[in-house]
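Any read-out appearing in this document is the output of simple, stated calculations on the displayed coordinates, not a laboratory observation. Given the structure is predicted, the values throughout are model-derived calculations rather than measurements. Heads up, the Cβs are rebuilt from the backbone with ideal geometry, glycines too, and the neighbour counts pull from every protein chain shown.
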Amino acid sequence: MGISPCSPRVERLLQGSSERIASANKAMRVLVQSYAGRASFVSILEEVPADELERYSSDGVHFTALGHQRAAERLEPVLRS
């Protein structure tokens, strides 16, 4: 599972976090590809527009109920396969 993007608040407090998260997710995708179908990379919030992130992670770190629901919806097909 990928690391979710951080909020602007977290980026202000820990400058460079967004870039480090993107880099880590890229590295994890490459690693998963090396397992040729035996592993999956699941992104939970990468596709969510920045102005909607707070609905899924109000503090920029922990999921809200809606964030947990999205995570379950993204993970379920992978776990069932």
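For the reader, a short list of remarks on this structure follows.
- Here the label points at His68 and Val42, each 7 Å from Cα along the C-beta direction, are separated by 1.5 nm in the simple model.
- Dipole of the chain, positive end: most advanced residue of Val10, Ile44, Leu66 [Cβ charges, Cα centre]: Ile44
- Cβ-placed point charges (K, R +1; D, E -1), dipole of the chain about Cα centre in debye, nearest 20: 340 debye
- Axis of helix 65-80 versus longest Cα principal axis of the chain: the two differ by about 10°, to the nearest ten degrees.
- Linear extension gain, Arg20 paired with Gln33, 0.36 nm per residue minus alpha-carbon span: 2.7 nm
- Only helices enter the 222 nm calculation for the chain: every DSSP H run of n ≥ 4 contributes -39,500 (n - 2.57), and dividing by all residues gives -16000 deg cm²/dmol, rounded to 500.
- Given R0 = 30 Å, the distance between the Cβ atoms of Glu11 and Leu79 translates into a calculated FRET efficiency of 0.45.
- Across segment 18-24, coupling constants 3J(HN,Hα) worked out from phi with the 6.51/-1.76/1.60 Karplus curve, θ = phi - 60°, read 4, 5, 5, 5, 4, 5, 5 Hz, and Gly and Pro carry x.
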